[in-house]
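What follows is a short report on a single structure.
The values are calculated or read from the model by the stated rules, or taken from the named source; none is laboratory data. The model shown is predicted, which means the values in this text are computed figures rather than measured ones. Virtual Cβ from ideal backbone geometry, glycine too; neighbours counted across all protein chains shown.
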Amino acid sequence: MGFCRGEIDMVSVELQNIVKKYRNVTAVDNVSFKVDHGEFFVLLGPSGCGKTTTLRIIAGLETPDSGRVLFDGRDVTNVPAKNRNIGMVFQSYAVWPHMKVYDNIALPLQIKKLSREEIEKRVKAAAQMVNIAHLLDRYPFQLSGGEKQRVAVARALAFEPNILLMDEPLSNLDALLRVQARAELVKLQKELKITTIYVTHDQTEAMVLADRVAVMNKGRIMQIGTPDEIYNRPVNKFVAHFIGTPPINFFAGTVEEGCINAGFLVIPFKNIPPGLVGKKVTIGIRPNDISISPIEQGIPVKGKLVVAENLGSEFILHVAIGDVVLRVLSKNKPAKEEVTLYVDKTKLHIFSEEETRINILPA
Amino acid sequence: MRKVLVYLIAFLISLWILTPIIYTVLASFADILDYYQHLIPQKYTLKYYEEYWRLGVGDALVRSIEIGVLTVLLSFLIGIPAGYAIGRLKFRGRNSIQLTILFFRVLPIVVMAVPLAVVFLKIGLYDTIFGVTLAHTAIALPFVVLITSSIFASVPRDLEEAGTVFGLSSLQIFTKITLPLVAPGLAAAGMFAFLISWNEVVASTILTYLNRTLPAAVLAPYVMGMGAAGQLPDPYRFAAATIMIIPAFLFMAYIRKYLTAMWGSAGVR
Amino acid sequence: MEQKIRIFLPYFLILPTLIYEVFISAYPIAYAIGMAFSGNPPALVQLFQDFERFKEVIFYTILTIVTVIPLQLIIAIFASIFFLNRFRGRELVLYFFILPVAISEVAGALFWYTMFSSSGLLNKLLIWLGVIPNPIYFFGYEFRDRTLLVIVLEEVWRATAIVFTIIYAGIQMINREYFEAADVFGFNFWQKLRYITVPLLKPSIQTALIIRTLFAFQIVGPILILGGEYIRVMATEVVYWYSQRMDPYIASAWAVLVGVVTFVLSILYLRMFRAGEGA
């Protein structure tokens, strides 16, 4: 494919207890994680959660107040960005406007003092990989957003860095382009096997792209895991709510002997820890784990259809049961206002008053 | 390490800018013989200011102030309507007119001054406060128009429209809504016009003979070729410099907030 | 009727300004050109006749301009980069740095006289430190070359702030990420400066150069106060010939030369920067 992967060392990245404060705000609060060689690692979270700051600390654009950054075990915390051999794709692409596309990709290689032949080889190969070989002679102002984004990627790839960092590279693209670019990124990363750390607020992107995801909120890491783990075993309410479209339904319940009572719904559970009895909990169930036709393991609940949002291929039904409104993802719209919902009891998530997950199984 | 370098440079910059000013101001209040002998003068006095005032700089100072104020008034009178038109009204040729006004400022004052002097001599405006005011206004006018036009442009239309909705007449809208909003900007423009006049030296020198402005008065001995004999004695130089920069300090202090606004958010990193 | 007023209103409001400027700025300039060409031989030609003096004036004019302006530009660029750093007290230091914008050339000249006169700060400091036994003279005919140094220092001290204001505004508008990308991709300080900062600052540099050059040719204060009669530039010749020699024709001739030179240089700047623009 044009790249000699043998020359690029795959590198692991480790963060140990990184703290970064701005004035009175703690942007990054004791963050630690390790990214393995060749892994596609996503930092996911709402804006202001500290994910971009964390990325910039890895890049060397910011220095942490405390904690260490290690590349393959080497402490690079105080190494300036220019010596870290990373490739970065910025949110605004940062494609230098006063140079042609070719020079944008080539200049970092010139700085590295590569020979002209080598530079030309790499630039052409990188451009080929992201399909912009025909644009090399153009200036950035002549390119569309999607094309500029690919220039930024090509520039990072041609650099043949040890680590690839990406700061919300798809967020400025329109929806259609985003899906396309996402697929291309997956393909690219699998081929090149560069250790990649990717920041986004879009949970769909994270689920599709990541080998593992770190969900962040308010400067802290909520959970690190594969997309599957994050989705099916969210460690707290925040993660459960942030992941999944449409978002998870929450309603309140109280723990009783052998079961949890939510008023309209009573679910028997095994192995309830004794200390939990009498405590209030939050119960979560995803819209796609509720059905309007009977399912195995489904507990029936009667309610009234309030709104049916038509998404084209399916509906989001808002069903009211007393004070509680549950969103249900369904292929069909129920004929009548009175609906019976079937809640999949194996897919219930139980959260304590402190909003952390309680691991108990339904009976 | 980098931080240390940054603070060091910041300190050096401050030193570089402030030292000439502070030392001169200090010297202006010092007994001159003591000043000659010691690095830091030990005896201080106000007598040079008094003498300087009596020697005629008092008159020059007053004249500079008068001309400055008149310049502000005149350039406001002529320029604010134009600034309002450019800033708020839509009309054909607006861009060209803006450029033309800007172009007038490009014309060197040095070239204007001599013919003006010649003309003024004929019509009796030579060596008068009004004559100098006319020249200073010509210099300040383009600035006043440009500054006020951007100030007027920055008043959100909704505020004025709300006034219409609530039944205010055009004049009331102008005085009760627009004017208070533009007042700070206008004050800045006025100070700027005053400063231009206050600092201006070429036209002031050429257009006056006996009735000099302060800068012209300081420059006069050199201009008249009086050689070493006519040179201003040291203490008066210090005093003159000190007096001349007072408006500068005031203006810059006032303008600080506007500059930060103009420069956008104070840098990242 | 109301409609007609509305259409003509803007022009009414602007008219006084235009009329004023035409009478007080434009007409005198035409008059000056007229005076410069009048006389027998024309005043402009008379300038060349005293060739020694002419050479001297041109020499000193070029010398001061060519030394001062590039210095100011370079310092302004570095200062702009410097002030992008965040540090405590930055607002204050910025205020100090641009304070000279409001200071007149006459006041500036006086301040630097205080620094370099025989009883000035520099001399007294060096004597006090024991470095020199007697003061070093910077002013006077024999020391003309040293005076030039003081003049250059004064202009750099005072007018760099004007150039800086323009460049600093320009640098703020550059997307921070262009610099960060350069950081990430291994550029050192000088490489960033050469490949990213300066090219992206071109429009601001162009504006700053034009404005600065425009005014640089009209500076008389420091030349006269510090240099006395020993250093002559084009602008001081205007003042000299009018005030001392009472010859408005030659004064106009010099003034017109100033105008022509500034005009030509501005066109050159515009051309120079247009050629470099890629976007």
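Scanning region B:81-99 for residues that are closer than 17 Å to B:Ile151 by Cα and part of a helix (DSSP H, G or I) turns up B:Pro81, B:Ala82, B:Gly83, B:Tyr84, B:Ala85, B:Ile86, B:Gly87, B:Arg88, B:Arg94, B:Asn95, B:Gln98.
The sole residue among C:Arg144, C:Arg158 that is more than 14 Å from chain B (Cβ to nearest Cβ) and assigned to a helix (DSSP H, G or I) is C:Arg144. You will find that of B:Glu160, B:Glu200, the residue that is more than 14 Å from every other protein chain (Cβ to nearest Cβ) and among the charged types (D, E, K, R) is B:Glu160 and no other. Residue by residue through region C:91-116, note down the ones that are under 19 Å from the mean Cα position of the chain (by Cα), over 21 Å from B:Ile255 (Cβ atoms) and more than 7 Å from chain B (Cβ to nearest Cβ). Within region C:91-116, C:Ala109 is the sole residue that qualifies. In region A:215-230, the residue that is surrounded by the most Cβ atoms within 10 Å (Cβ to Cβ) out of those that are free of Cβ contacts under 8 Å to residues at least 60 places away in the same chain and under 15 Å from A:Val35 (Cβ atoms) is A:Gly225.
Checking the stated criteria, C:Gly228 turns out to be more than 11 Å from chain A (Cβ to nearest Cβ), on the phi > 0 side of the Ramachandran plot and modelled with pLDDT under 90. Answer yes if at least one residue in region B:22-34 is in a helix (DSSP H, G or I), within 30 Å of B:Leu207 (Cα to Cα), at the interface with chain C (Cβ under 8 Å from one of its Cβ atoms) and at pLDDT 80 or above, and no otherwise. Taking every residue of region B:22-34 in turn, at least one turns out to be in a helix (DSSP H, G or I), within 30 Å of B:Leu207 (Cα to Cα), at the interface with chain C (Cβ under 8 Å from one of its Cβ atoms) and at pLDDT 80 or above. Just one of the listed residues (B:Ile67, B:Ile78) is in contact (Cβ under 8 Å) with a residue 60 or more places away in the chain, over 22 Å from B:Ala240 (Cα atoms), assigned to a helix (DSSP H, G or I) and assigned by TED's automatic domain parsing to the domain that holds B:Phe174, and it is B:Ile78. The set of residues in region B:210-220 that are surrounded by fewer than 24 Cβ atoms within 10 Å (Cβ to Cβ) and either free of Cβ contacts under 8 Å to residues at least 40 places away in the same chain or at the interface with another protein chain (Cβ under 8 Å from one of its Cβ atoms) (or both) contains only B:Ala220. A:Lys124 meets all of the listed conditions (1) within 12 Å of chain C (Cβ to nearest Cβ); (2) of a type outside the set (S, T, N, Q); (3) over 30 Å from the mean Cα position of the chain (by Cα); (4) over 28 Å from A:Thr54 (Cβ atoms) but one, namely (1). One residue stands out in region C:28-78 among those that are at pLDDT 90 or above, surrounded by 22 or more Cβ atoms within 10 Å (Cβ to Cβ) and within 13 Å of another protein chain (Cβ to nearest Cβ): the one that is nearest to C:Ser204 (Cα to Cα), namely C:Ala76. Hey, could you check region C:167-185 for residues that are not in a helix (DSSP H, G or I) and not aliphatic (A, V, I, L, M) and say which is farthest from the chain's Cα centre (by Cα)? Ranking the qualifying residues of region C:167-185, first place goes to C:Phe185. Taken as a whole, the condition of being more than 13 Å from chain C (Cβ to nearest Cβ) and more than 30 Å from C:Val264 (Cα to Cα) does not apply to B:Lys90. Note on region B:150-254: enclosed helices (runs of 4 or more DSSP H) holding 1 or more residues that are modelled with pLDDT of 80 or more and not β-branched (Val, Ile, Thr) are B:157-165, B:179-199, B:202-206, B:214-223.
For region C:117-127, the condition holds for at least one residue, the condition being that it is more than 7 Å from chain B (Cβ to nearest Cβ), over 21 Å from B:Ser28 (Cβ atoms) and surrounded by fewer than 20 Cβ atoms within 10 Å (Cβ to Cβ). Looking at this structure, is A:Ala320 touching a Lys or Arg at 6+ places or on another chain (Cβ under 6 Å), surrounded by 12 or more Cβ atoms within 10 Å (Cβ to Cβ), farther than 30 Å from A:Ile221 by Cβ and of a type in the set (A, V, I, L, M)? Spelling it out, A:Ala320 is indeed touching a Lys or Arg at 6+ places or on another chain (Cβ under 6 Å), surrounded by 12 or more Cβ atoms within 10 Å (Cβ to Cβ), farther than 30 Å from A:Ile221 by Cβ and of a type in the set (A, V, I, L, M). Examine region A:356-363 for a residue that is surrounded by 14 or more Cβ atoms within 10 Å (Cβ to Cβ) and in contact with a Leu (Cβ under 8 Å, 6 or more places away or on another chain), and state whether such a residue exists. Looking through region A:356-363, at least one residue is surrounded by 14 or more Cβ atoms within 10 Å (Cβ to Cβ) and in contact with a Leu (Cβ under 8 Å, 6 or more places away or on another chain). Here A:Lys347 fulfils each of the conditions (1) under 17 Å from A:Arg233 (Cβ atoms); (2) in contact with a Leu (Cβ under 7 Å, 6 or more places away or on another chain) apart from (2).
Going residue by residue through region C:185-208, is there one that turns out to be within 14 Å of chain A (Cβ to nearest Cβ), over 15 Å from A:His98 (Cα atoms), free of Cβ contacts under 8 Å to residues at least 40 places away in the same chain and in contact with a Gly (Cβ under 9 Å, 6 or more places away or on another chain)? Looking through region C:185-208, at least one residue is within 14 Å of chain A (Cβ to nearest Cβ), over 15 Å from A:His98 (Cα atoms), free of Cβ contacts under 8 Å to residues at least 40 places away in the same chain and in contact with a Gly (Cβ under 9 Å, 6 or more places away or on another chain). Scanning region C:186-224 for residues that are polar (S, T, N, Q) and in a helix (DSSP H, G or I) yields C:Gln191, C:Thr197, C:Ser204, C:Gln206, C:Thr207, C:Thr213. Return the only residue of B:Val57, B:Val62 being closer than 30 Å to C:Glu21 by Cα and at pLDDT below 90. Only one candidate passes the filter, namely B:Val62.
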